[in-house]
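Okay, structure first, notes after.
No value in this document is a laboratory result; all are computed from the given coordinates. None of the values given here were measured: they were computed from a predicted structure. Ideal geometry is used to build each Cβ from the backbone, glycine not excepted, and the neighbour counts take in all protein chains shown.
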Amino acid sequence: MTPLSPCKPCRLILVAIFATLSPQVCFAFLTNPSSTNSPSLPLNSLYVKKNIDGCEFTEPGALSTPDMTRRKVLSILQAAAPLLAYHPSASAQVEVLDAPPPQVSTSQKTTAPSRIMCADLEEENRIAIFERVAPSVVYIDTFAEKRDVFSTNIMEVPIGSGSGYIWDSEGHIVTNFHVVQEAKSAQVAILTSASSAVSENNLITAKGGSVTNAINPFTSVRPGALGSGGSSALNGFTRNVYKARVIGVDPTKDIAVLKVDAPMNELRPIAVGTSQGLRVGQGSLAIGNPFGLDHTLTTGVISGLGREVKSPTGRPISNVIQTDAAINPGNSGGPLLDSSGRMIGMATAIYSPSGASAGVGFAIPADTVKYVVSMLIKNGQIIRPLLGVSILDSRQARQALGITKGILILEVKPGTPAFKAGLRGIRRSDSGIIEIGDIITAVEGSQITKEEDLFKAIEQFEPGDVVNVTVNRPQVELDEEGNPDIKLRELTFSVKLIASDDSTFLQK
């Protein structure tokens, strides 16, 4: 029925009807049911209300004398609805549960809403961030070579999967080193706009941009992957798979850079932010591929800053971001985002007794990622400052020699700046006695108690910088009775740092 135009007399009549009711009944009709000021009514009947977004909620009612009056007024309101000419987005409509359902014409078409209903601004922001950033996140499958047990043929077998993200329009993909550590080869699945796609699903683009048919390349992604036709989360995107090659890795920071030869118009580089100025409590979002479930969004907050985790080589990764956004196996290499959708970190590790998310996840800070990735793209490797000495593991030194503070130098290679400065390693004297080498206790005033302290102190400088290294040098002296007594003498040397690719240090 087409609603009639409202008229002033009709509205006045309805106002008069309400004026004849008791104040409690009028108040029950006109008050929001969620208000704390609504009158308390017996819970022996329910009414359904729909708000302006179409979401339903229930309100308690009573089958008492006032409630019978309520039913009468409902009938009057329903009959007068054409006169009131309510718009669907206007004030709440009221229906009784036992009322007959309205008849809907079969000729009417029901269309799905174009956007999610009942979403607040925070939800809308999360949805917008996911839809904008998801095409920048990739799904990585890794493979190793294995000999076929029934023949002498070498075949590739899948060994794992992980996450990554598009760094630039040249096809560089950033992920964790441990994702590709054991891999002989890798393939990357990218979400591309259907209008710009040059190949169908499961086609691998070869070098140079030419498209070659691949016979159903393996993927560990679960059914319903974005862009595969099984998910409607991102319409207008398709899923293309490309072979990837390793450009460079940095095991000490758990970072690797891959490259795919995909057309530039298919690549959507991620927006890179900064890890400086982050504050505990601000929002964080993680997008990754946990357990083969591609492009999974989880949310949380930054739970801590300045954490430290060990890299695959055992060296510390400092200034790590802690978050309670769920990070699970498969999330490794995925981006951690701020509330603006900028990458502020890369998921790398979790603390968990079960191996799954326990609310304690860690991400490599964006500033560290930017420095390492730029070096890997430029040089294919990371050039770091080195002291130019070989050291003994602090646990072994403590157990075997009783050294509880500092790092024992095993060897100082001849020709290095450390050798020229006067540092000593373990050596045998002319009389055949083994002399303990220098014990490093400080670098530029930073106290050194274990290897991690030494690595952190050295990484603050560049190759070629001169640093002051404080050591304790064991010396044998004779006491008054002529017995040998070992005493530690504190010395400081100025040592020029060398580069990690220095041939003088690397030569055997």
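Structural remarks
- Sorting the segments 462-471, 290-299 by their mean number of nearby beta carbons within 10 angstrom, highest to lowest, gives 290-299, 462-471.
- You can think of it this way: the chain between Lys456 and Gln282 has 59.9 nm of extra reach, that is 0.36 nm per residue less the Cα-Cα gap.
- Anchor Lys405: aspartates and glutamates whose Cα lies under 19 Å away (excluding residues fewer than 8 positions away in-chain): Asp393, Glu435, Asp438, Glu444, Glu451, Glu452, Asp453, Glu490
- Entries of Lys253/Lys370; Lys259/Lys378; Lys243/Lys310; Lys259/Lys370; Lys450/Lys487; Lys184/Lys259 with Cα pairs more than 18 Å apart: Lys243/Lys310; Lys450/Lys487
- Cα-centre dipole for segment 385-506 with unit charges at Cβ (Lys and Arg positive, Asp and Glu negative), debye to 20: 160
- Three-way shape label, segment 283-379, alpha-carbon gyration tensor, a/c 1.5: rounded
- With Rh defined as the Kirkwood radius, the inverse of the mean 1/r over Cα pairs, the Rg/Rh of segment 390-507 is 0.99.
- In this simple spin-label model, placing a label point 7 Å from the Cα along the Cα-to-Cβ direction at both Ser494 and Arg132 gives a separation of 5.2 nm.
- 9 Å beta-carbon shell around Lys184, net charge (K/R +1, D/E -1): -3
- Fewest-first ordering of Leu336, Leu401 by other beta carbons within 10 Å of each residue's beta carbon gives Leu401, Leu336.
- Least to most buried among Met343, Met264, Met375 (fewest other Cβ within 10 Å first): Met264, Met375, Met343
- This ranking places Ser161, Ser151, Ser500, Ser394 by how few other beta-carbon atoms lie within 10 Å of each, fewest first, which gives Ser151, Ser500, Ser394, Ser161.
- Alpha-carbon spread of segment 232-345, three principal axes, descending order, Å: 38, 33, 27
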